[in-house]
Each structure stands twice: as C-alpha cells, then as structure tokens.
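J.: Starting off with a structure, shown below.
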Amino acid sequence: MEISVFDFLYTRDLKKLKNETMAYTSEDSLWVKIPGTINSGGNICQHLIGNLRTYIGLPIGGYPYVRDRDAEFSARLFSQEELVNELDVLLEIIPDSIRQLSDGRLSDEYPHDILTINATYAFGYAPCLAHGTD
C-alpha cells in the first residue's frame, strides 16, 4: 500500500468517526453500552484516539502523547465536545505523520513491537486502520 492510500483511508475514517460521535443525541447516550457490546461508543472513540496517537502520531510525527489505555475503557476522559475536538486534532496530526514517510520507508521496521512481533510501517498502519472500522 502507498502513503497516499493510508492518508486517504485514515482521513476518510476519522471524518466518519467524527460524524458518528457528533450524531449522539446526548452526552449520556455516548457512554451507554448497547446490549451485545462490551464498550460504549465513547470508550471506543477514546481507545481509537489513544491507538492513533500512540502508534502513529508519537513515533512517526513526533507529536507528544501520554497514554492511559486502561482509562480509555473505564473512564470518561472526554466530553462529547472534547472527543470531537480530539478527532479534529487527529485529522491534522495523523495525515501529517503519515506524509512524513516515503513509500519506500513503509517496508522499514516499525520502531515498536506490535502484538509482540516486529513489523514494518505498512504492517503497523494496517491493523490500526482496520481496528477503527470494525
């Protein structure tokens, strides 16, 4: 996959996530676990923000971030408005980070273990992208 494809897909899916987050009719509805699910929409959104900032924004783009993964699932870290604002930030830093790589560098080793295996940048980007589209 080429950088331009990752750029397009992440931008498209982050815009979709932003629209879905804004579509919740109340702050409380964002945090309700729908029967048959284990996490609320708010917690999933927090988790996606943490993943993208941790695995793309920080190591590739150099954007500072300190993650609290457990809190992504157990706490309301953000209000609905703050989640939307965080997604707006991601819409800037994720494409910028991705564009810092060349197509040729996608086959280089990614600087962190993912799922306890060494992986390339392309291999590392694909699961983060797929994780957000489930």
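FYI, it's all coordinate maths here, none of it is from the lab. This one's a predicted model, so the numbers in the text were calculated from it and none came from an experiment. Methodologically, a virtual Cβ is constructed for each residue, glycine included, from the backbone with ideal geometry; neighbour enumeration extends over all protein chains shown.
J.: What does the net charge come to around GLY42 if you take all other residues with beta carbon closer than 14 Å to its beta carbon, with K and R at +1 and D and E at -1?
T.: Its environment carries a net charge of -4.
J.: How many Å³ per residue does the convex hull of the Cα positions in the range 10-76 occupy?
T.: 99
J.: Summing Lys, Arg as +1 and Asp, Glu as -1, what charge do residues with Cβ under 10 Å from the Cβ of THR54 carry, THR54 excluded?
T.: Computed value for this residue: +3.
J.: Can you give the charge dipole size of the range 1-117 about its Cα centre, rounded to the nearest 20 debye, using +1 on the beta carbon of Lys and Arg and -1 on the beta carbon of Asp and Glu?
T.: Computed about the Cα centre, the dipole is about 180 debye.
J.: What does the charge add up to near GLU81, with Lys and Arg as +1, Asp and Glu as -1, over the other residues with Cβ less than 11 Å from its Cβ?
T.: Cβ neighbours under 11 Å give a net charge of -4.
J.: Turning to a different aspect of this structure: If you take the beta carbon distance between ASP96 and ILE34 as r and set R0 to 30 Å, what does 1/(1 + (r/R0)^6) give as a FRET efficiency, to the nearest 0.05?
T.: Step by step, r from the Cβ atoms, then E = 0.35.
J.: Further question on the same structure: Which chymotrypsin sites (Phe, Trp or Tyr not before Pro) from the range 30-69 combine a DSSP loop assignment with at most 16 other Cβ atoms within 10 Å?
T.: In loop regions of the range 30-69 (DSSP not H, G, I, E or B), the sparsely surrounded chymotrypsin sites (Phe, Trp or Tyr not before Pro) are TYR65.
J.: Treat each spin label as a single point 7 Å out from the Cα along the C-beta direction, and report the ALA71 to SER26 distance in nm.
T.: Inter-label distance under the simple model: 2.6 nm.
J.: A further question on this structure: How far, in nm, would the chain grow between ARG105 and GLU2 when pulled straight, counting 0.36 nm per residue and subtracting the alpha carbon separation? If you can, show how the numbers build up before the last one.
T.: Working: separation 103, 0.36 × 103 = 37.08 nm, distance 1.00 nm.
Extra length from ARG105 to GLU2 when fully extended: 36.1 nm.
J.: May I pose another question? Using a/c under 1.5 as the rounded threshold, could you call the range 63-103 rounded, prolate or oblate? The axes a ≥ b ≥ c are square roots of the C-alpha gyration tensor eigenvalues, and prolate needs a/b larger than b/c, oblate otherwise. Show your work: numbers first, answer last.
T.: On the way: a/c = 3.46, a/b = 1.81, b/c = 1.92.
Cα axes put the range 63-103 in the oblate bin.
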